[in-house]
1. Across the range 76-105, what is the number of residues that are in a helix (DSSP H, G or I) and surrounded by 14 or more Cβ atoms within 10 Å (Cβ to Cβ)?
2. Does CYS29 qualify as being in contact with a Phe, Trp or Tyr (Cβ under 6 Å, 6 or more places away or on another chain) and modelled with pLDDT of 80 or more?
Amino acid sequence: MRRGAMLYRVLTNKEGLLGNVKLKGNLGCSDHEMVEFKILRAARRAHSKPTTLDFRRADFGLFRDLLGRAPWDKALEGRGAQDSWLIFKGHLLQAQERCIPAKRKSSKTTKRPPWMNKELLGKVKRKPSEGGSKGR
């Protein structure tokens, strides 16, 4: 606190995540003060399930058309590499949002690799016959 003025800021990515924010005295000999706060459980539980892009339901024809129709010569003319990348990235993300739907990850798919489909999973789980191994 300087001359009676207090300034502190606690940054979060969710509103209502913190509570009981208090100042807890100086940090050593510094004029900086420690801030104590509690992370609220209810706000943590409201965490959404992660999403992933569902490429099986994507409309790649529309995706190609949207990126192909952009006036790239005019949009990128006279720009440096960084500016050009940001413009391209913006168009790419807009097209992705329109053409590739997102889906929630289920707990079943997060426990196995994405390349292991139902057929492979069935073969892995199938037990060998009780009569011994085939090679004998």
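1. From the range 76-105, those in a helix (DSSP H, G or I) are 76, 81-99; that's our starting set.
Add one more test, that the residue is surrounded by 14 or more Cβ atoms within 10 Å (Cβ to Cβ), and what stays is 76, 84, 87-88, 91-92, 95-96, 99.
Qualifying residue count for the region: 9.
2. Numbers: in contact with a Phe, Trp or Tyr (Cβ under 6 Å, 6 or more places away or on another chain): no; modelled with pLDDT of 80 or more: yes.
Spelling it out, it is not the case that CYS29 is in contact with a Phe, Trp or Tyr (Cβ under 6 Å, 6 or more places away or on another chain) and modelled with pLDDT of 80 or more.
The values are calculated or read from the model by the stated rules, or taken from the named source; none is laboratory data. Keep in mind that this is a model prediction, so the values were computed, not measured. We place every Cβ from the backbone using ideal geometry, glycine too, and count neighbours over all the protein chains shown.
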